[in-house]
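Here's the structure, in structure tokens; my notes come after.
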Amino acid sequence: SRAIADNLPADAKLLCVDSFNGSSGEPDAHATAKEREGDGAFMKFFANLYDHIMLGRVIPVRMESGNAAETLTKMGVKADMVFIDADHSYEGVKRDIQLWQPLVKEGGILCGHDYNLPEQSWDWVGVRDCVDEMFPHAQQAPYTSIWHVKNEQLTPWGLLKTYAPVSESQKGYGGFFA
């Protein structure tokens, strides 16, 4: 989130969606989420992005991914980019793709994290299998574990391509993390 926030256009906003409770499929990987009465992970996030949050450039959306997607869809919010890095199981990745893809503006980018090669030591098989199945032409950013597709590429694999009108107050959202 910090790297994206540091490089946002001047008028853009970054909505960071996270329950900050860790992932049910990876309980050992998210011990900080349980610290400090359940605020440990959020406290670190807030401290890391404090300057951007105070300027209104980063907006923490402390919700479960599906609830946030539903809420933002009802509000007609659209994003230039949606970055998925939540539940790493095949089913979880598929659910997030299906929930968040409709929020990507035409010409926008749907992307995510932990798209590792099988021989890499930290391999999220569910992420790679789901992305490869849903988007055979997905690309991987060089030297990263980030996958990405343009919104125009999504329709051939059966996802809905829906675009609601974007109001003036909703323009300029640089992206969401789900």
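Only the coordinates and a few stated rules stand behind these numbers; no lab work does. Since the structure is predicted, the reported quantities are computational estimates derived from the model, not experimental observations. A quick note on method: Cβ atoms are made from the backbone with ideal geometry, for glycine too, and the neighbour counts reach across all protein chains shown.
Set the Förster distance to 35 Å, then compute FRET efficiency between E64 and Y143 from the Cβ-Cβ distance, nearest 0.05.
Between E64 and Y143 the formula returns 0.65.
Could you tell me the calculated FRET efficiency between D129 and E106, based on Cβ-Cβ distance and R0 = 25 angstrom, to the nearest 0.05?
0.35
Once Rh for segment 34-128 is found with the Kirkwood sum over Cα pairs, what is the Stokes-Einstein diffusion coefficient at 25 °C and 0.890 mPa s, in µm²/s?
162
Over 21 Å between C-alpha atoms is what I'm after, so list which of K34/K78; K13/K74; K94/K150; K13/K105 land there.
Table pairs above 21 Å Cα-Cα are K34/K78.
Working out 0.36 nm times the residue gap between Q98 and R2, then minus their Cα-Cα distance, what length gain in nm do you get to one decimal?
Separation in residues times 0.36 nm, less the Cα-Cα distance, equals 32.0 nm.
Jot down the radius of gyration and Dmax of segment 73-152, Cα atoms only, both in angstrom.
My reading of the Cα-based Rg and Dmax gives 12.4, 42 Å.
Just add up the charged neighbours of A69: K/R +1, D/E -1, any other residue whose Cβ is under 11 Å from the Cβ of A69.
Once positives and negatives cancel, what remains is -1.
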